[in-house]
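The values are calculated or read from the model by the stated rules, or taken from the named source; none is laboratory data. Fair warning: this is a prediction, and the values are worked out from it, not measured in the lab. Because the Cβ atoms are built from the backbone with ideal geometry, glycine has one as well, and the counts that use them run over all protein chains shown. Each accessible area value is taken on the protein alone, full model and side chains, heavy atoms only, with ligands, DNA and RNA left out. Shrake-Rupley method; radii C 1.70, N 1.55, O 1.52, S 1.80 Å.
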Amino acid sequence: MGADFSQPQRQSSVGIMVMFFYTLQQFARALWPMIVIWVFKFEEINKLYLTIGIITVFIGIGFVSYLKYLNFTFFLDAENEEFIITDGVFNKTKTAIQLRKIQQVNINQSFIQKLIGVYELDVDTAGSNKKEGAIKAISHELALELKFRLLENEAIKSEIAIEETSLEETEQKLFEAVHPFIKISFFSLLKVGVTSNYGRTIALLVIFFSTIYENFQNFGDESNVYKEKVGSYIDKNLVLQTILISIAFLFGIVLVINVIRIVFKYYNYKIARQKGSLLLSFGLLNTKSTIIKPEKVQITTVKRNYFQKKLGILELKIKQATGGEKEERKSIIEIPGCSETERDSILKLLFHKIPEKRLTLKPNFRKLVFSVFLSIGLPLLGFLGIGYWFEPLFFEYSYVMPIYAVIIGLIQYFKFINNRLFIHDNFIIKQSGAWDISSDIIEPSKIQAITTSQLYWHKKLNIGSITLHTAGGNITFQLGNYSILKQQANLWLYKIETSDSNWM
């Protein structure tokens with residue numbers, strides 16, 4: 001028989017060690033200003049008092065950690081269909097989480113937990129900005145079994161239903177969990193590392209160029225005597241070669257750092273099927289394991305750029321219900337380095353078929369004109385105005401403006417030609433992006449609300465905008481055919497009212 005979660009359970013026996021480390025971390029965060037002062041004034045502090053103080057603090061942290069471990073219990077209330085967590089130090093707090101509201105159950109393992117040999121289980125509910133419950137020290141087998149119990153709401157109707165889960169069924173679940181149908185290779189992660197986050201690289205290069213140019217300007221302002229002395233030792237070709245080598249070196253550093261970040265975060269990425277759901281596990285130092293239930297997925301994004309297309313990889317992002325923008329960014333589940341075959345397998349599991357494109361809507365060319373005016377016209381007018389009325393020295397940098405206009409103009413043009421809305425009976429796909437082309441996929445049944453808008457001077461042109469609101473974020477398409485947008489909005493609202501799907 002599996003574990004009896006109908007009775008209060010405590011954390012693993014080594015849970016007190018985990019509690020000690022986390023409590024110590026909380027104290028360090030709270031007292032870090034005082035710690036910094038002690039470090040800088042170490043020679044002035046009485047060493048005896050310092051030693052006594054440190055020992056007292058550690059004893060206090062140990063005592064608090066023991067009480068936290070002793071008072072922490074969890075169990076499943078089958079009668080009320082709730083997951084109950086009790087915790088506290090001196091005053092106990094009881095948290096009751098309704099099973100039907102549980103959005104996600106993650107099994108994570110930090111570096112400290114990996115050393116001790118335990119895992120952390122986090123419970124998230126839809127619409128909450130924080131984790132509703134967390135078990136800091138639990139064995140992997142027990143965590144997997146508890147996760148399946150929490151997410152299989154239909155199976156937890158009574159204590160009898162819990163007891164009927166046999167050891168063979170649990171072993172079968174564990175077998176499925178450790179036999180993934182997709183595994184992202186180390187080589188694929190390297191490809192992702194060298195073909196993503198170009199914005200960060202470009203920003204660093206811009207800063208580097210600006211610094212080099214400023215140094216050359218300062219060098220040019222020196223006296224002629226200084227130039228003559230130094231000029232004889234400087235070969236301009238050597239300077240140019242040094243700059244190019246420095247740029248290549250900086251670019252290489254950025255790529256190496258990005259590759260290391262990707263590998264550490266997504267190392268050993270495995271995706272397994274678990275009764276129609278996706279079980280994901282990844283991480284080098286901090287291991288994360290989570291389950292994605294297709295009916296709770298709100299927005300699925302497929303993203304790739306030119307280099308990734310040539311290398312045969314792409315990235316997937318899955319958004320579930322969240323409680324705000326900050327939580328939305330944190331809760332996005334990323335699957336890097338997928339092949340097209342792996343992408344199709346994941347999409348089939350999430351949507352039961354590969355999303356199709358039927359009706360195509362394109363934005364009116366006025367969207368491109370307006371974007372160019374905002375991103376190029378206004379900055380140019382601001383530059384000219386500042387140079388003419390406030391600081392004439394600005395005109396010394398006027399050669400930068402044509403370069404800026406060309407680069408931004410190309411970006412806006414590619415964003416315009418890639419901006420599309422594809423409509424199918426069962427899917428809505430919003431395509432966007434200049435370099436990284438993203439396709440946001442949603443099902444009409446996941447829409448919570450629809451907002452349509454049309455400016456007065458756009459009525460004769462029959463163009464307008466639409467925003468689809470979901471529990472995982474919003475999707476907006478601007479300046480499209482307004483008649484078609486309103487017709488589709490009415491159809492989607494009808495489907496929402498008549499649908500009995502459970503998006504939560």
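Among the residues that make up the stretch 312-324, is at least one of them in a helix (DSSP H, G or I) and either touching a Phe, Trp or Tyr at 6+ places or on another chain (Cβ under 9 Å) or not assigned by TED's automatic domain parsing to the domain that holds G433 (or both)?
Step one: filter the stretch 312-324 for residues in a helix (DSSP H, G or I), giving none.
No: zero hits.
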Check your understanding: Condition test on G480, is it within 23 Å of F416 (Cα to Cα) and crowded, with 18+ Cβ neighbours inside 10 Å?
Key -> yes
Practice item. Take A96 and decide whether it is over 15 Å from A134 (Cα atoms) and of a type in the set (G, A, S). Key: no
Practice item. From K265, K275, K293, grab the single residue that is on the phi > 0 side of the Ramachandran plot and of a type in the set (D, E, K, R). Key: K275
Review point. When only residues in the stretch 247-283 that are among the basic types (K, R) and at pLDDT 80 or above count, which is farthest from I112 (Cα to Cα)?
Key: R273
**Study point:** From Y404, Y413, Y399, Y388, residue being under 19 Å from Y306 (Cα atoms) and not polar (S, T, N, Q)
**Key:** Y413
Exercise for review: Spot the failing condition for E396; the list is (1) charged (D, E, K, R); (2) under 17 Å from G433 (Cβ atoms); (3) open to solvent by 60 Å² or more (accessible area, probe 1.4 Å), and only one is missed.
Suggested key: (2)
Check your understanding: So G382 fits all but one of (1) open to solvent by less than 80 Å² (accessible area, probe 1.4 Å); (2) within 30 Å of R420 (Cβ to Cβ); what number is the exception?
Key -> (2)
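Give the residue that is nearest to P355 (Cα to Cα), with candidates limited to residues of the stretch 326-344 that are open to solvent by 50 Å² or more (accessible area, probe 1.4 Å) and modelled with pLDDT of 90 or more. I'd like the intermediate steps shown before the answer.
Just the residues of the stretch 326-344 that are open to solvent by 50 Å² or more (accessible area, probe 1.4 Å), to begin with: 326, 329-330, 334, 340-341, 343.
Subset that is modelled with pLDDT of 90 or more: 334, 340-341, 343.
Values: E334: 19, E340: 13, T341: 14, R343: 11 Å.
Checking each candidate, the answer is R343.
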Practice item. Go through the stretch 394-409 and give me each residue that's out of contact with any Gly (no Cβ under 8 Å at 6 or more places or on another chain) and not in a loop (DSSP other than H, G, I, E, B). Key: E396, Y397, V400, M401, P402, I403, Y404, A405, V406, I407, I408, G409
Check your understanding: N91 is checked against (1) open to solvent by 30 Å² or more (accessible area, probe 1.4 Å); (2) of a type in the set (S, T, N, Q); (3) at pLDDT below 85; (4) within 29 Å of the chain's Cα centre (by Cα) and fails just one. What number does that condition carry?
Key -> (4)
Practice item. Could you run through the stretch 411-432 and say how many residues are in contact with a Phe, Trp or Tyr (Cβ under 9 Å, 6 or more places away or on another chain) and either hydrophobic (A, V, I, L, M, F, W, C) or at pLDDT below 95 (or both)? Key: 8
Practice item. Being among the small types (G, A, S) and modelled with pLDDT under 95 is the filter; apply it to the stretch 439-452 and report the residue that is nearest to L368 (Cα to Cα). Key: A449
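Could you pull out every one of the strands (runs of 3 or more DSSP E) wholly within the stretch 237-307 that has 3 or more residues that are surrounded by fewer than 17 Cβ atoms within 10 Å (Cβ to Cβ)? I'd like the intermediate steps shown before the answer.
Working: elements: 269-274, 277-282, 287-292, 297-304.
By residue number, no strands (runs of 3 or more DSSP E) qualify.
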Review point. In the list K362, K367, K348, which residue meets the criterion of being basic (K, R), more than 23 Å from G472 (Cβ to Cβ), open to solvent by 60 Å² or more (accessible area, probe 1.4 Å) and at pLDDT 90 or above?
Key: K362
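Does any residue of the stretch 423-439 turn out to be touching a strand residue (DSSP E or B) at 6+ places or on another chain (Cβ under 9 Å), among the basic types (K, R) and not assigned by TED's automatic domain parsing to the domain that holds S371? If you could, list the steps in order and put the result at the bottom.
We begin by selecting, within the stretch 423-439, every residue touching a strand residue (DSSP E or B) at 6+ places or on another chain (Cβ under 9 Å); these are 423-424, 427-433, 436-439.
Then drop every residue that is not among the basic types (K, R), which leaves 430.
Subsequent filtering for residues that are not assigned by TED's automatic domain parsing to the domain that holds S371 retains 430.
Scanning the stretch 423-439, I find at least one residue that is touching a strand residue (DSSP E or B) at 6+ places or on another chain (Cβ under 9 Å), among the basic types (K, R) and not assigned by TED's automatic domain parsing to the domain that holds S371, so the answer is yes.
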Revision key, fill the gap. Heads up, the strands (runs of 3 or more DSSP E) in the stretch 411-504 (entirely inside) with at least 2 residues that are under 24 Å from E315 (Cβ atoms), in contact (Cβ under 8 Å) with a residue 24 or more places away in the chain and of a type in the set (A, V, I, L, M, F, W, C) are 420-423, 428-432, 437-442, 473-481
